[in-house]
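The structure appears below as structure tokens.
The values are calculated or read from the model by the stated rules, or taken from the named source; none is laboratory data. Quick caveat, the model's predicted, so the values are computed rather than measured. In this analysis, Cβ positions are derived from the backbone assuming ideal geometry, glycine residues included, and neighbour counts consider all displayed protein chains.
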Amino acid sequence: MQYIGYGSLKERAAAEIRTAIVRGDLEPGTPIKDVELAEKLGLSRTPVREALATLTDEGLVETKPHAYTRVTALEAEPVRDALVVVQSMHSLAIGIAVPKMTAEDITAMRAANKAFQAALDADDATAALAADDEFHAVAVRCCDNFAVTATIDRYTPLVRRLEHSRFSSPHARHSVTQHQQIIEACEKGDDLRAAALADENWSTLKEEL
């Protein structure tokens, strides 16, 4: 029997609740009860409570002691603030990464963009979001900058619902072309163009606000 540690249970709970919020299964303002969630997830209340604390830190859940725990409203200002930071960090990451990229990295970006297009063709926004993550993750890994990575991890959750909304619409197809342009700039070693294109790609999320 495989042992699943407490930390893993908390991470599993956080991942499942986060996905439900991002997809809109748990809409903004929806009350959250840890007992009901624990039963639904087949977990004890402790990892679920800790998962909700994580999601509160991420800005997806808000809690008032002895009053409520609920999904946060999708408010424009904090989301816009987070998007500006995430957008800037991804642009910086790819600018740093381009000189370090190998042929394998370029291949990984192409594969991720192919998976992204396939997910969009299948109208699967969740799969598209995962493929888009993998596409941008190549540059983040290659840049090898802990501060960039930590900042992206910290503020990305706030823009997740924008991303899911974007990838649920026909407008998302344009991102496939933008990704291809980024790949071509990386292949040519043009870090400035790659960074500018990444910035442009992330800026399209502002339309969802």
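Below is a table of values for the structure above.
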| quantity | calculated |
| --- | --- |
| Matching entry among A112, A97, A139 (being touching a helix residue (DSSP H, G or I) at 6+ places or on another chain (Cβ under 7 Å), under 22 Å from T19 (Cα atoms) and modelled with pLDDT of 95 or more) | A112 |
| Hits in segment 137-183 (condition: surrounded by 14 or more Cβ atoms within 10 Å (Cβ to Cβ) and among the acidic types (D, E)) | E163 |
| Among (1) outside the structural domain of R154 (by TED's automatic domain parsing); (2) assigned to a helix (DSSP H, G or I), the one test that H66 misses | (2) |
| Test set (1) within 21 Å of the chain's Cα centre (by Cα); (2) farther than 29 Å from A198 by Cα; (3) among the hydroxyl-bearing types (S, T, Y) - S88 fails condition number | (2) |
| Among the residues listed as V35, V86, V48, the single one being in contact (Cβ under 8 Å) with a residue 60 or more places away in the chain and either under 15 Å from R161 (Cα atoms) or not in a strand (DSSP E or B) (or both) | V86 |
| Enumeration of residues in segment 120-137 that are part of a helix (DSSP H, G or I), farther than 16 Å from A93 by Cβ and free of Cβ contacts under 8 Å to residues at least 24 places away in the same chain | D121, A127, A130, A131 |
| V48 being in the same structural domain as T30 (by TED's automatic domain parsing) and either surrounded by 19 or more Cβ atoms within 10 Å (Cβ to Cβ) or under 23 Å from A13 (Cα atoms) (or both) | yes |
| Matching entry among L55, L26 (being over 24 Å from A150 (Cα atoms), in contact with a strand residue (DSSP E or B) (Cβ under 7 Å, 6 or more places away or on another chain), hydrophobic (A, V, I, L, M, F, W, C) and outside the structural domain of D133 (by TED's automatic domain parsing)) | L26 |
| Scan of segment 60-80 for residues that are surrounded by fewer than 21 Cβ atoms within 10 Å (Cβ to Cβ) and either among the small types (G, A, S) or in contact with a helix residue (DSSP H, G or I) (Cβ under 8 Å, 6 or more places away or on another chain) (or both), ordered by number | E62, T63, A67, T69, A73, L74, A76, P78, R80 |
